[in-house]
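So the structure is just underneath, and the comments pick up after that.
The values are calculated or read from the model by the stated rules, or taken from the named source; none is laboratory data. All of these numbers come straight from a predicted model, not from anything done at the bench. No Cβ is skipped: glycine too gets one built from the backbone with ideal geometry, and neighbour counts run over all protein chains shown. The protein model used for the area step is the full one, side chains on, heavy atoms only, and it has no ligands, DNA or RNA in it. Shrake-Rupley method; radii C 1.70, N 1.55, O 1.52, S 1.80 Å.
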Amino acid sequence: AAEVETGANIQGTLLRGQPPKGHPHARLAAVSVGSLQIDGDFFDFPIVEDEHLDVMIGDVMGKGIPAALMGAGLKSHVPVVFNRLMLENRDHTLPSPEQIIARVHRDMTGRLLHLERFVTVCYGRFDFPSRTFTYVDCGHTPTIRYCRATGACEVIPGGHLPLGVTEKEDYRQNVVSFDPGDLFLLYSDGITEAHTPDWEFFGEERLLAFTQAHANAPPEQFIRDLQAEIAGFTGPGPASDDITFLVVRIK
């Protein structure tokens, strides 16, 4: 019981960021529903400016307090990396997601290899003047984008290995465009791997269909409806894994 309480405190205070309120160009909501096991899901919003908004979501391999502490350590290291890179950039430009992840990789992967742990991460930046989302995917579940102009959902590809698998990985960023009304969903595999008692998984196709059907709802309502959808699918009882997701709607 003491370990569960400790883990819950770690998750609530160290692993979960607070979605910014009142942003001029985006409306955000995020939630993490804990399972009975202590997990390593984390998310944060490292940069919040009128013109730029950074989001980060990750998941540490394994369960228990060690996974939660590893997630908290990586999450808290990102602002340190950001500040160091800002000092190095003499023109005071924002370090790119690629630069941030490359430095986190350099700093953390050796330790992760020593501890035999790996971490999936997606780090992305919304640039509102250019209407672009620039992101680096480190083996995380792929981001879903809803395009209001076409009414279609797409899976944004990743392709890199998680942090902590090899020091030789070269993390590169990708760029996709967006328009007002578009929606981005970043999530942990606790959603797609949620399952019924007879092991039917919620899966990516159901998540895509849900996103398309509910994309015009306010982010807070979207989150409540998705939680209800997953609970209705899996039936009563605690989740087998943490369910974490954050929603960004472009204004």
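Summary table below
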item: Estimated [θ] at 222 nm from DSSP helical runs (n ≥ 4, -39500 (n - 2.57)) normalised by residues in the chain, nearest 500; result: -11000 deg cm²/dmol
item: Residue among Ala26, Gly232, Val165 farthest towards the positive dipole end of the chain, charges placed on Cβ; result: Ala26
item: Cα→Cβ-extended label distance, 7 Å offset, between Lys168 and Ala231, nm; result: 4.8 nm
item: Difference of contour (0.36 nm per residue) and Cα-Cα distance, Arg90 to Asn216; result: 41.2 nm
item: Viscosity 0.692 mPa s, 37 °C: Kirkwood-radius Stokes-Einstein D of the chain over Cα pairs, µm²/s; result: 178 µm²/s
item: For segment 42-50, Karplus couplings with θ = phi - 60° (6.51, -1.76, 1.60), whole Hz, Gly/Pro x; result: 8, 8, 7, 10, x, 10, 10, 10, 4
item: Amide H partners (placed H, <5 Å) of Ala194, local residues excluded; result: Phe202, Gly203
item: Coil-residue trypsin sites (Lys or Arg not before Pro) of segment 28-95, DSSP, other Cβ within 10 Å capped at 14; result: Arg90
item: For segment 183-251 versus segment 62-98, the gap between their alpha-carbon centres in whole angstrom; result: 27 Å
item: In Å², nearest 10: area of Asp198 left accessible to a 1.4 Å probe; result: 120 Å²
item: Karplus-derived HN-Hα couplings along segment 56-65 (A = 6.51, B = -1.76, C = 1.60, θ = phi - 60°), whole Hz, x at Gly and Pro; result: 9, 9, x, 8, 8, 4, x, 10, x, 4
item: Student exercise, segment 110-250 dipole from Lys, Arg, Asp, Glu Cβ charges, in Debye to nearest 20; result: 500 debye
item: Integer Hz, Karplus 6.51/-1.76/1.60 couplings in order for segment 159-171, x for Gly and Pro; result: x, 8, 6, x, 5, x, 8, 7, 6, 8, 5, 10, 8
item: Stokes-Einstein D for segment 150-251, Kirkwood Rh over Cα pairs, 20 °C, 1.002 mPa s (µm²/s); result: 139 µm²/s
item: Set of lysines near Lys63 by C-alpha distance (under 19 Å), chain-local residues within fewer than 8 positions excluded; result: Lys75
